[in-house]
Each structure stands twice: as C-alpha cells, then as structure tokens.
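None of the figures in this text is laboratory data; all of them are computed from the coordinates on show. Owing to the predicted nature of the structure, the values given are computational and were not obtained by experimental measurement. Because the Cβ atoms are built from the backbone with ideal geometry, glycine has one as well, and the counts that use them run over all protein chains shown.
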Amino acid sequence: MSKIAEVNLKKLRPYGDIMDDGTIQLAFTLPVEATPEAREAAVLLTQKMGFDQIKVATMEKAANGFAFFVIYARLKHTVDFTQIKVLKVDAQKRSREEIDELIRTRIGRKLVVLGACTGYDAHTVGIDAIINMKGFAGDYGLERYQWLDARNLGAQVQNEDLLKLAIQEKADAILVSKVVSQHNIHIRDLKELIQRAEKMGLKDQLIFVAGGPRVTHPMALECGFDAGFSVGTKPSDVASYIVEEYLRRQSSQKPQENAKVTAVSGKGKKRGGAK
Amino acid sequence: MAHLTLDPALIEQCRKFASSIAKPIDALIQTHTTVAIERAVLRLLGVEGAVEQGGQWFPEVNIIVEDLRRENALGQGVLHWFINGMIQTRMTPTELAKATATRKINLLKLPRAPETEVQKIALAQCKAARDHLVAEREKRDQIRKETGDQFVPDGSQGPLIYVIVATGNIFEDVIQAQAAAQAGAHAIAVIRSTAQSLLDFVPHGATTEGFGGTYATQENFRIMRKALDEEGRRLGRYIRLTNYCSGLCMPEIAALGAMERLDFLLNDAMYGILFRDINMKRTLIDQHFSRRIIALSRIIIHTGEDNYLTTADAFENGHQVLASQFINERFALNAQMTEDLMGLGHAQEMDPEHPNVFLYEIARAQMTRDIFPQSPIKFMPPTRHKCGDIFYSHLMDAMFNFVGVLTNQSIQLLGMATEAMHTPLLQDRWMSIKNARYIFNGAHDLGKEIEFKKGGVIESFAAKVLEDTFEHLKMIEKKGLFKAIEGRAFAEVSRTETGGKGYDGVLLRAPNYLNPFFDLLK
C-alpha cells in the first residue's frame, strides 16, 4: 500500500513537492516603488487571484517606480480533469518515409504545398523550420520529402498573392506562419486569407494550415483554417496532417478528386526526383 | 587577451577579394542616384514638413522628389531644381519645400538662373548642412564627455550592454528605455514597426502605434534622444541610442540619425537585398550615401550577419557570415568610414544540444574578434533555438554572455528569456541586464588568463571557417556579387539584378547631376 496520496483527477491542483500542495510560482511587476506598501499590494493581488500561504520570495527594484516580485503561493482552486475536452489536430503521427509511401501508393502524385509568412510579418524562422530541407530538431523539412512539392515563399507575402500562386501552382495545401502578434494582427491576417479564399471559391479546394508561437488549433479553426500548430511542431507533424486530411477529403468526395488527380498528373513536374 | 593563430596571408587575401568584389559596384554608385538619396539631400537641408493626404502625413521630400522623377528630371539631382527655385523665389528651403509640396510652385516651370550661380548656392547650402552635422556630432561628443563615457570600440573593456525597446508607442518606449538604463544598459535600440523598411517614405511626427516596434521618425528620434540624455545625466553614464538605417529609406534615416545625434545605426550593405527583397542596385547605391553621412557623423554601424545564422544552419554557415563581414568592411571603407565605426555583426545561434557547442561558439566569436581587432564587433543572442521555456532561455543567454565577455565582444545585444513569446516586458529586460552584469563582472579578465590550445578543436574550427570563407569569396569574386547573390551565396536566398522592391527608384545621373554632398561628406 502506497504511503503517498494519489492524484485526485476530479480535483486537480498544481504539484510542488507534495501531492495536492497547490504550489505555484508567480512573477510580475507593479508600477510603483519597491516599498513595504508595494509588497503588501503584491500580496493582496495574489490573494485576489485565489491563492493563500503567500510567500514573497523577492521584491526587487527593477527601475525607478517599478517593483518586480517573485512569489510562491498555494492555489485554492481545483479543476475536474476528467471533464476536459480539447480540440486536437486529427492525425496519426507518421515518419517521413511512411508519409512518402502513403502519398506514392494512395495518391500517386506529389502533393503541392506552399508556405509563407503573410502580411507584413518578416519572421521566417517558423516556416523555415517546417519547409526548408534542414528541418527542425532532427526532423527533415518538407522540401526533403520525395512526394511533396513544398515551396517556401518566405516573408511578407500578401494574402492575395499567396492565393493567386496557389491557383497557378495547383496547390493542395497552404501553410501560413504568423509570428508577430501585436494587436492581434496575426488573427486579422489569418481571417482575411480565409475570407479571400472563400470569395475565390478556394476554401474547400485547399487544406489551410496555420502555425506560430501564438497559434493554437482551436484558434486556427476559429479563423477558418483546417488546422493550427504551435511551438515545437515538427515538419513530420504537419506532413502527417496534410496527407491524412487529403485522404479524408478524397474518400468523402471521390469522383471530383479523381478528376483533379488526372488533371494535375498531366502537368510537368518542375522538381522531379529526390531532392 | 587570448588569441587564435590564424593564417594572416589568408585573411589578407580575403580582404583583397572583398576589395575586388566591391569595385564594379563602385562604378555603379558613381553613375547613379536614387529617389532615397535625393530625399535625404533635402532632409539634410532641413526639409522635414509633411502634407496630409487621406488622413495620413506624407513627407514633403517625397512629393518633391516624386514630381521630378515623374517628369524625368531627377537625373540632374533634386538640388539642380530646388536651388534654382530658392534663387527664383527667394524662399528658404523650408518655405520652398512647403510651397512645392502643396503644388503652389512647380520647380520645372521656373526661369533658370545661371548654372554657376546654382552650383555656388548649392555648395553653400550643403556646406551649412554639413556644418550642422559636425556641430551635432560635437555636441554628442561633449555630452559623452560630461557623462564620463567609457565605451571602447575594440572591446578591451568588455562588452557594452545593448537592449531593445519595442512597445510601438514612443512615449512608452521612453519609460522602458529609462528603466533599462537604470538597470545598467549602455545602449537602447528602438525596434521599428514591422516592415517599415518596405515603406518608401519616412513616417512623420511622434507615433503611438506600431506592430512589433515603433516607427522611426525624426520626432521619435528627438523624443528618445532627449529622454536618454536626461537619464544619462541623472545616472552619470552616457546612454547610446540606436535605430535602423536599412530598407528603402536608408539614406534618409542616416541623415535623420546624424541630425538627431544617434550613436548607432543598423546598416548593412546586403541585408535589404537578402531579407527584405529590396533591389540590389538600389540597396548598394543607397548604402554608400548612407555611410558617407555616417562617416562624417562618426556613427557606429551594426551589420546584420546574424541573420544568416537564423535562416541557415549556424554550424555550417560561419563562412557566409565572415565573407559578408569582409564585404561590409570594404563597402564601409569605400564610404570613408574608419574601422572603429564598423560594428560587424554575428550571433550565437548554434543548436544548444550540439556536443561541445560552446567550443564552436567561442571559436566563431574569437575569430571575429581577431580578424577585426579595431572594430566594435556586435554579438547577437540566441533566438532560433529558443522556445517558451524561459528558464532554459535565460540559461542560454547566460552562456551567450559568458562567450561574449570571454572573447571581448564590443557590443552585446542581450538575449531575452521571453524571446519568441513577446516583445520584452520591463521585467524581462531587467532580468537580462542583471544576468549580463553578473557575468561580465565575474569573468571580466578571464580572456587574459587563458590561451587556446594550438591545433585544438577551437582553433581548428576557426581555421576551417576562414578557409571556407576564402573559397566563398573567391567564388563570389569570380561570379561577381550580383550573380553570386542570384546563386544563393548568402542565407540560401536568391535575388536578381532587376528584381525586388525599389528598382524604379534607381536613376542614371545626368551629366550635369548636382549633389555637392559627395564632395563634402568626408
């Protein structure tokens, strides 16, 4: 018999070093001088957040008129873990070889994927990690896939141009990376892309994938995208999703998709063979 | 100070390649001008007004220059028309600019004064403008003296602490900048609003909204300069101000930076081409005139080679960084800049999980120090491999600070634990400065106490990067810079000679092109 309390999933609380101790660390700045009154204000605010056993680990003068706090406290609240539902990207994780094999056998042509940082966003680190040959954390980028024709369009691609290119290149999926999120510009840009796509009748023709540090799957869905990926996503996560989603759509509208396959297979492949 | 043993003949040969790479570009520079250079000329004469167009303030210099370009009259230089206008209307530059921009006067329809008179007045106006720049430079030097400035460009006193502010609101930026100075920062960079580099005009007035940063405007420069001067006096420590002299308005920003006493400008000969898809001729012509202003005002430039390491693998692309540094150095020398003004950039961006990663980072940093001993080299922090684990990120920054102080980097752009999450909070910057002060103090003289093992991992890696750089520059010299960039010589990006933004703003100079600044800025 265990002498340690078991986790109570109906009443889940943070863990410090003893089950159910509710320990949390907080760090914040108050725009006042670091005085005993400032310390008291920090404690009162922490109480209002639903904590007790509040310990101010440090109060530092970060600048004139600014006090920085590190606080440890016990959270009074709990959540029922058993009732939690989260929208997740629906795809089985596959390796590059498995994905290539799946496309070769089930689709029989390269899937065309266009990636870009849209609007005025100039931060290509995300899209580069997913598309460029090199990849990310040892997971090769989409350019490396034999059965993907993946192109990184880089930074500051306008939504309009991206969609035009998608038609021209008969793209199957569009990857949009958004890094800058000040004033929610990323959400505005993502929504605008989908609105344009709807007007152009492209919304259901393409798989729309968003990515970025402030992007989540539910948020991407809300913007009208088909999936959203956040920090830590590997190229194979994205590729797994694209191929699975493509196959899902293919099986639900077989006749049209077959037509598309025939049409597309006629076009000469610019980047034939292994890359 | 420990040094690496690197082949001096190989370094010399790299510099020779850079010199011959820059030669054909020099011919281009001598025979062309751009809309941005002509706008900068007017700004140097003190034209800073703006006209409201559809609810937005649009600079007078843009309207004047654009009108001349549309009539194919800009090849003679804006001064050819503007100075004649001053003679004919007896107006000051400011008055004439306003009258022209509001289209009350058409510079092309005025009677012509004798060319010798136009040239004489142009020279006098430009001399006065130059004298103003010199006076501002001396004022800046005086404030530095009064506040006991300790900065040494060669890094021998340890790295200068450089942080960014990026709230989008210049008044909020002031609060953040002053707080950073109080915490120990020596230099503040006001990050520009995303994509300002692609605007073909400089926004006007004090601004309170931006994306990922704050617009660079003349008024914003003034507001921040004043705030930092005041804070510097309070602290008894000179606080440097930095902004971005890149993009389609590069020469204008140089002019504004010089007039408003900025200390540092981010200015790279090739950054715009590679990372902003600005036309290569435009960028290379613009960078030269920018750097002529910068040379006179003795502003330190920061080049952007760190960007090569964020887009391409840092382990494999050290030679691109070094090759680009040699090229940037040569273009700066050609613009009459001295080595102590060349903040050649690089970064610590290798995969943190690579075995012995610090040996290679130290090798690259020390190599940069040893190849450019007089230059205020700028070391940029890890960004590429950072994620939301702020504790791990803070540790990465600590190691970055350690490498910086060990290898005598001159300017250390501090990393932020919250990199990749948001623009820095006040507390993020405070924590980061505390981190740097701890390490810069604790390891201040470590570099003097060690030496690098002959033929060891560090020295061999640096030697390999230098050899690769030699080969890379040799290839670029053979192909020519334009073709080499087209062939992805840098950052795996390909650009063409006539592609990119701003190409239509490049103009052939007419035989009677008038711009005395080319003779005066030295």
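The range A:118-163: which trypsin sites (Lys or Arg not before Pro) are DSSP loop and have at most 11 other beta-carbon atoms within 10 angstrom?
Passing sites in the range A:118-163 do not exist.
Would you order B:108, B:520 from fewest to most other beta-carbon atoms within 10 Å of each residue's own beta-carbon?
Result, fewest neighbours first: B:108, B:520.
Evaluate the Kirkwood expression for the hydrodynamic radius of the range A:148-225, namely the inverse of the mean inverse distance over all pairs of different C-alpha atoms, and round to one decimal in Å.
Mean inverse Cα-Cα distance, inverted, gives 12.7 Å.
Assigning unit charges at the beta carbon (Lys, Arg +1; Asp, Glu -1) and nothing else, what dipole magnitude in debye, to the nearest 20, does chain A show about its Cα centre?
880
If we count other beta carbons within 10 Å of each Cβ, what is the order of B:116, B:94, B:100, fewest first?
B:116, B:94, B:100
Which angle between 0 and 90 degrees, to the nearest 10, do you get for helix B:457-479 versus the longest principal axis of chain B when only C-alpha atoms count?
Value to nearest ten degrees: 30.
Dividing the alpha-carbon Rg of the range B:171-325 by 2.2 N^0.38 Å yields what?
Relative to the 2.2 N^0.38 Å estimate, the range B:171-325 comes out at 1.06.
In vacuum, with every alpha carbon of the range A:96-265 counted as one equal point scatterer, what does the Debye formula give for log10 I(q)/I(0) at q = 0.08, 0.16 Å⁻¹? Two decimals, please.
Treating every Cα as an identical point scatterer, log10 I(q)/I(0) equals -0.21, -0.88.
Could you size up the charge dipole of chain B around its Cα centre, putting +1 on the beta carbon of Lys and Arg and -1 on that of Asp and Glu, and report it in debye to the nearest 20?
1400
On a 0 to 90 degree scale, rounded to 10, what angle separates helix A:254-265 from the longest Cα axis of chain A?
The answer is roughly 70 degrees.
Give the residue from A:83, A:186, A:111 lying farthest towards the positive end of the charge dipole for chain A; charges sit on Cβ (+1 for Lys and Arg, -1 for Asp and Glu) and the dipole is referred to the Cα centre.
A:111
What is the percent of Cα-Cα separations in chain B that go past 36 Å?
Values: 41896 of 135981 pairs.
I get 31 percent for the Cα pairs in chain B exceeding 36 Å.
Scan the range B:406-490 for trypsin sites (Lys or Arg not before Pro) in coil per DSSP, keeping those whose Cβ has at most 15 other Cβ atoms within 10 Å, and list them by number.
B:453, B:454, B:488
Place +1 on the Cβ of every Lys and Arg and -1 on the Cβ of every Asp and Glu in the range B:45-113, take the dipole about the Cα centre, and give the residue among B:49, B:77, B:61 whose Cα lies farthest towards its positive end.
B:77
Partner chain Cβ atoms within 10 Å, averaged over the residues of B:420-430 - can you pull that number for me?
Mean partner shielding for this stretch: 5.
How well do other chains shield peptide B:273-280, expressed as the mean number of their Cβ atoms within 10 Å of each residue Cβ?
So the per-residue partner count for this stretch is 1.
Given the options A:36, A:218, A:14, which has the most mean-square fluctuation in a GNM of chain A, springs set between C-alpha atoms less than 10 angstrom apart?
A:36
What is the range B:34-110 by shape, rounded, prolate or oblate, if you read a ≥ b ≥ c off the alpha carbon gyration tensor as root eigenvalues and call it rounded for a/c under 1.5, prolate for a/b larger than b/c, and oblate otherwise? Could you put the intermediate results ahead of the total?
Numbers: a/c = 1.39, a/b = 1.18, b/c = 1.18.
Rounded, because the longest to shortest axis ratio a/c is under 1.5.
Given the range B:190-242, what whole percent of its Cα pairs are spread farther than 12 Å?
Result: 66 percent of Cα pairs exceed 12 Å.
May I ask you to give the average projected area over all directions of the convex hull of the Cα atoms of the range A:9-81, in nm² rounded to one decimal?
Its Cα hull, projected and averaged over all orientations, spans 4.9 nm².
Work out the charge dipole of the range B:404-522 with +1 on the Cβ of Lys and Arg and -1 on the Cβ of Asp and Glu about the Cα centre, then indicate which of B:469, B:456, B:406 is farthest towards its positive end.
With unit charges placed on the Cβ atoms, the residue in question is B:469.
GluC sites (Glu not before Pro) within the range B:39-85: which are DSSP loop residues with at most 15 other Cβ atoms inside 10 Å? If you can, show how the numbers build up before the last one.
Details: sites: B:48, B:52, B:60, B:66, B:71; in loops: B:48, B:71.
Those satisfying the criteria are B:71.
Go from 0 up to the bin containing the longest alpha carbon distance in the protein assembly as shown, width 10 Å each, and give me the % of pairs per bin.
It works out to 2, 12, 20, 23, 21, 13, 6, 1, 0, 0, 0, in whole percents.
Normalised by the number of residues in the range A:96-265, what is the relative contact order in percent for Cα pairs under 8 Å and 6+ residues apart?
24
If the elastic network links every pair of Cα atoms under 10 Å, which of A:165, A:45, A:247 fluctuates the most in the Gaussian network model of chain A?
Highest fluctuation of the listed residues: A:45.
Looking at this model, which pairs from A:164/B:386; B:120/B:226; A:85/A:164; A:164/B:501 are more than 26 angstrom apart at the alpha-carbon? Please report the intermediate quantities before stating the final value.
Values: A:164/B:386 34 Å; B:120/B:226 36 Å; A:85/A:164 38 Å; A:164/B:501 20 Å.
A:164/B:386; B:120/B:226; A:85/A:164, as the Cα separations exceed 26 Å there.
Where in chain A is the longest stretch that carries no GluC sites (Glu not before Pro) classed as loop by DSSP and with at most 16 other Cβ atoms within 10 Å?
In short, A:34-168.
Find the Cα radius of gyration of the range A:11-134, compare it with 2.2 N^0.38 Å by division, and give the number to two decimals.
Normalised Cα radius of gyration, the range A:11-134: 1.78.
Would you compute the Debye intensity of the range B:262-323 from its alpha-carbon atoms alone, equal scatterers and no solvent, and pass along log10 I(q)/I(0) at q = 0.15, 0.17 Å⁻¹ to two decimals?
The calculated log intensity ratios at q = 0.15, 0.17 Å⁻¹ are -0.52, -0.65.
First obtain the Kirkwood hydrodynamic radius of the range B:1-53 from its Cα pairs, then insert it into the Stokes-Einstein equation at 20 °C and 1.002 mPa s, and state the resulting D in µm² per second as a whole number.
After rounding, the answer is 138 µm²/s.
As a check on your grasp of the helix formula, calculate [θ] at 222 nm for the protein assembly as shown: sum -39500 (n - 2.57) over DSSP H runs of n ≥ 4, divide by the residue count, round to the nearest 500.
-14500 deg cm²/dmol
Taking the Cα centre as origin and putting +1 on Lys and Arg beta-carbons and -1 on Asp and Glu beta-carbons, what dipole magnitude results for the protein assembly as shown, to the nearest 20 debye?
1360
Can you tell me the Rg and the Dmax, both Å, for the Cα atoms in the range B:281-432?
Both quantities, over Cα of the range B:281-432: 16.0, 46 Å.
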